[in-house]
1. List B:162, A:45 from most exposed to least, where exposure is judged by having the fewest other Cβ atoms within 10 Å.
2. Classify region B:44-129 as rounded, prolate or oblate from the Cα gyration tensor: take a ≥ b ≥ c as the square roots of its eigenvalues, call it rounded if a/c is under 1.5, otherwise prolate when a/b beats b/c and oblate if not.
3. For region A:5-53, rounded, prolate or oblate, judged on the Cα gyration tensor with a ≥ b ≥ c (square roots of eigenvalues), a/c < 1.5 rounded, else prolate if a/b > b/c?
4. What ranking do B:88, A:48 get, fewest neighbouring Cβ atoms within 10 angstrom at the top?
Amino acid sequence: MTGDPGKLSCAEFQMQLPELVGSGADATTHPHLQSCERCRALLEDLKTIAEAARQLFPSVEPPDEVWEHIESAIRQEKEGDSNPPVAPPLIAPPRQ
Amino acid sequence: MPNPFSPTQAPGRVRPSHETDPSTAAKAREGATPAPSGQGNASNGEILARAQAGDHQAFAQLYSLHKRRIYSLCLRMVGNVAEAEDLTQEAFLQLHRKIATFRGDSAFSTWLHRLAINVVLMQLRKKGLSLVSLDEATEPTPDEGPSRSFGAPDLTLTGAIDRLALERAVAELPAGYRLIFILHDVEGFEHNEIASMLDCSIGNSKSQLHKARLKLREALRAQNSQEEQP
């Protein structure tokens, strides 16, 4: 790998991309992109995808029944806790 | 100019970090419904503390605060309404069982998301649908990634992407990639939050998000090229 960022191969540049993009730095100013149309196109596409993602899958409220089911299950669990199964006695009762 | 790769507040989206500032929490809450107990002045911290002490009304308030985000995450991951409802129910039941163990080492929202993610992943594994498990997705895979991008420079995505096409492509991503993409690019979590949720390094989160975007690019380019064929 060369130390000059402008002389990176595409493979070397793309190895650095996750960190470059993930760090929040402006990757578009990287020297490699000045001379590499292919990597410029890649970065542009990734940017387009990241921007489009913000419009995906609008968030929605769950229906009220979900809370009703949760409350019901909590109640059942509490009732189960307050009526624990009768454990067998540690010592057998004396025979009559 | 904002960095397009960084999760910024988009319309209808909540930044998770609002929890650190209770004064903005109400404003940031998406689709907030009135708190069930009517105790609107209590801070999130107070509500949490009461819920941890077993106060059912406080737990109902917590549900009200977080239901939309958890349900949306489940729905985005499984793509099925009935299943997402079941998963939401299970996530909040787990929360009810475990809430006393929350110690505040991370933001409550992050902790709750982690819990919900585990519920979702368990379901995906049960169904055998984890095309790539989360473990695989968060492990470095040197055979995948950049090299795939070298070919066909003439086939680039042009400008706007069709939303439905992208949603389809996201739905077809392996579960691990889909999860990281949804958490970061759709929901707006930061890499450090995702790393905490998924028990992976920040570098790993960045790397997997990059691979997810590369896979989406491939899928969209393939769709484009199919459409272009006579």
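None of the figures in this text is laboratory data; all of them are computed from the coordinates on show. These numbers were taken from a predicted model, which means no experiment stands behind them. Here Cβ is always computed from backbone atoms with ideal geometry, including for glycine, and neighbour counts include all displayed protein chains.
1. B:162, A:45
2. On the way: a/c = 2.25, a/b = 1.87, b/c = 1.20.
Prolate.
3. Working: a/c = 1.97, a/b = 1.50, b/c = 1.31.
The shape class here is prolate.
4. On the way: B:88 29, A:48 21.
Going from sparsest to densest Cβ surroundings: A:48, B:88.
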